[in-house]
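The values are calculated or read from the model by the stated rules, or taken from the named source; none is laboratory data. Bear in mind that the values here come from a model prediction, so they are computed numbers and not experimental data. Every residue, glycine among them, receives a Cβ derived from its backbone with ideal geometry; neighbour counts consider all protein chains shown.
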């Protein structure tokens, strides 16, 4: 939103959304999982108390639920999250191990350019509620997620 002096006013960030395949969304809503993990993107503005909106991807796409961010943790080894969060993580340990193994196969050129391993992020949620209807976002939600702004 432009101001009269030519500068722009930044929108206030109140949360984040990430796509989660429809086949895995039920783990949050029915199985009561509360921890979302993924390779970290730059989400330094996230803080506890902000909103986390679940964007259901692959089929019947749209926003389907939300929760409050309780805690955010970073690690270079995603398996260490299981020591802290255990069964609350929406992926199984085997799924995470397989993902890490496949990532090494998919992107060998990235490791050459960027030899440092990318950190993983765990976002613990609380007060997760399912929406009555799927809500369509105004803009596409990429695999990397996006901030939600007022």
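Of all residues in segment 20-32, none satisfies being in contact with a helix residue (DSSP H, G or I) (Cβ under 6 Å, 6 or more places away or on another chain) and part of a loop (DSSP other than H, G, I, E, B). For segment 57-66, taking the residues that are buried (at least 18 other Cβ atoms within 10 Å of the Cβ) and in contact with a helix residue (DSSP H, G or I) (Cβ under 9 Å, 6 or more places away or on another chain), the one that is farthest from residue 21 (Cα to Cα) is identified as 65.
Looking only at residues in segment 95-125 that are assigned to a helix (DSSP H, G or I) and at pLDDT 90 or above, the one that is nearest to residue 38 (Cα to Cα) is 96. Entry remark, segment 20-47: residues being crowded, with 16+ Cβ neighbours inside 10 Å and modelled with pLDDT of 95 or more number 10 in total.
Just one residue in the set 54, 89, 69 is on the phi < 0 side of the Ramachandran plot, out of contact with any helix residue (DSSP H, G or I) (no Cβ under 7 Å at 6 or more places or on another chain) and at pLDDT 95 or above; that residue is 69.
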